[in-house]
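Trainee: Handing you a structure now.
The values are calculated or read from the model by the stated rules, or taken from the named source; none is laboratory data. All values reported here derive from a predicted model rather than from experimental measurement. We place every Cβ from the backbone using ideal geometry, glycine too, and count neighbours over all the protein chains shown. Just so you know, the surface numbers come from the protein's heavy atoms only, side chains and all, with ligands and any DNA or RNA stripped out. Shrake-Rupley method; radii C 1.70, N 1.55, O 1.52, S 1.80 Å.
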Amino acid sequence: MTLPARLGHMERALHEAHAAAARGEVPIGAVLVSPEGEVVAAAGNRTRELSDPSAHAEMLVIREGAAKRGSERLIGHDLYVTLEPCPMCAAVISFARIRRLYYAAPDPKGGGVEQGPRVFSHATCHHRPELYPGLGESEAAALLKSFFAVRRED
């Protein structure tokens with residue numbers, strides 16, 4: 001896939017993150033892309049709206065993609081996320097057999113990929129996606145920083 005296409009998918013994920021922020025959710029967005037390069041699902045966090053602690057953007061798009069495919073395996077699919085996935089999402093990414101994971105900003109406090117527990121590095125991890133961190137990092141980090149700055153002022 002070309003760089004402009006990858007950037008376009010991350011831009012869509014950032015759009016979903018902005019929409020999540022507008023709903024009062026932590027501004028994280030995700031886009032699931034088929035092996036053919038088509039967007040299968042796009043979502044932002046909905047944990048508060050759905051009263052569901054697992055309703056992270058990654059989980060929502062993986063659930064939708066699996067339902068559309070009729071399989072729990074999303075072999076050949078790529079996932080674009082605006083923040084490094086947490087350990088829960090990293091485990092589901094592995095279980096779903098996501099081919100490539102592109103994420104914008106690292107998450108030193110809650111990440112589970114290259115920070116914290118590093119889910120994909122464990123011998124018990126059945127599948128490790130190719131990792132591409134840093135795509136759209138500055139915009140995603142700025143969005144998160146401004147979102148939490150406003151909440152600290154309240």
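Trainee: Step by step: first the residues of the stretch 101-112, then only those that are of a type outside the set (Asp, Glu) and out of contact with any Lys or Arg (no Cβ under 9 Å at 6 or more places or on another chain), then the one that is most open to solvent (accessible area, probe 1.4 Å). Which residue is that?
Mentor: So, considering only residues that are of a type outside the set (Asp, Glu) and out of contact with any Lys or Arg (no Cβ under 9 Å at 6 or more places or on another chain), the one most open to solvent (accessible area, probe 1.4 Å) is Lys109.
Trainee: Restricting to the stretch 37-91, give me the number of residues that are in contact with a Pro (Cβ under 7 Å, 6 or more places away or on another chain) and in a loop (DSSP other than H, G, I, E, B).
Mentor: Within the stretch 37-91, residues that are in contact with a Pro (Cβ under 7 Å, 6 or more places away or on another chain) and in a loop (DSSP other than H, G, I, E, B) number 3.
Trainee: Another question, if that's okay. Suppose we filter Ser138, Ser121 for residues that are within 23 Å of Ala22 (Cα to Cα), modelled with pLDDT of 95 or more and hydroxyl-bearing (Ser, Thr, Tyr); which single one remains?
Mentor: Unique residue meeting the criteria: Ser138.
Trainee: For residues that are surrounded by 14 or more Cβ atoms within 10 Å (Cβ to Cβ) and charged (D, E, K, R), scanning just the stretch 118-154, find the one that is nearest to Ile75 (Cα to Cα).
Mentor: Among those residues, the one meeting the criterion is Arg128.
Trainee: Only one of these conditions is not met by Gln115: (1) of a type in the set (S, T, N, Q); (2) open to solvent by 40 Å² or more (accessible area, probe 1.4 Å); (3) modelled with pLDDT of 95 or more; (4) under 17 Å from the mean Cα position of the chain (by Cα). Which number is it?
Mentor: If we test Gln115 against (1) of a type in the set (S, T, N, Q); (2) open to solvent by 40 Å² or more (accessible area, probe 1.4 Å); (3) modelled with pLDDT of 95 or more; (4) under 17 Å from the mean Cα position of the chain (by Cα), just (3) comes out false.
Trainee: Which numbered condition trips up Ser94, out of (1) open to solvent by 30 Å² or more (accessible area, probe 1.4 Å); (2) free of Cβ contacts under 8 Å to residues at least 40 places away in the same chain?
Mentor: For Ser94, the failing item is (1).
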